Amino acid sequence: MPYRKLVLFDIDGTLMNSDGAGNQAFVDALTQIFDRRFSADSFSASGKTDTQIALELCEKFGVSRDEAMTRLPDIRERYLAGFEKELIAAKPTVFAGVRELVAAVADIPTCLMGLLTGNFEPAGWMKVESVGLREPFQMGAFGDNAPQRSDLPGRAVERAKELTGQTFEGKEIVIIGDTPN
């Protein structure tokens with residue numbers, strides 16, 4: 001049976017609260033790579049991709065965009081190495097009604113479910129796995145799949161087509177999220 005809807009969920013602030021897990025992992029990764037002190041104090045990561053967060057923190061602490069871009073694979077790798085421990089310590093929680101909503105959408109055979117998040121892909125999957133929500137999500141678009149968050153819906157549509165062979169457009173796409181970006 002063909003899918004009629006592509007339903008995409010944001011993670012942080014929509015499905016769950018991970019209590020800022022990842023902030024310290026970014027600070028630690030950047031400090032190790034650039035051998036200078038970084039801080040996420042007074043920095044808002046809301047609505048940004050992990051790539052944007054890394055680049056903006058670098059800029060804030062005097063690392064050129066070119067140097068930061070060159071080191072982005074290292075930043076991602078070191079961030080992910082510290083992220084899992086930070087996520088466990090944060091004790092993430094699912095928002096009220098989310099399990100029921102996700103189950104109800106998953107029960108509709110014509111809905112393809114995916115994630116649409118600024119998180120690096122492994123971190124996004126870790127987050128939903130940490131609260132037992134991984135199973136119904138078949139695909140996603142993540143912060144390492146596009147340079148800006150506004151590019152992610154298009155990337156999600158491409159991934160859905162790669163997975164199913166179907167093209168989704170307009171009213172066939174539903175985005176459930178808390179960020180205006």
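The set of residues from segment 55-77 being closer than 12 Å to Pro147 by Cβ and buried (at least 19 other Cβ atoms within 10 Å of the Cβ) comprises just one member, Leu55. Any residue at all in segment 47-61 that's in contact (Cβ under 8 Å) with a residue 24 or more places away in the chain, in contact with a strand residue (DSSP E or B) (Cβ under 9 Å, 6 or more places away or on another chain) and not in a helix (DSSP H, G or I)? No, segment 47-61 has no match at all.
Every number in this text was worked out from the coordinates using simple rules, so none of it is lab data. All values reported here derive from a predicted model rather than from experimental measurement. In this analysis, Cβ positions are derived from the backbone assuming ideal geometry, glycine residues included, and neighbour counts consider all displayed protein chains.
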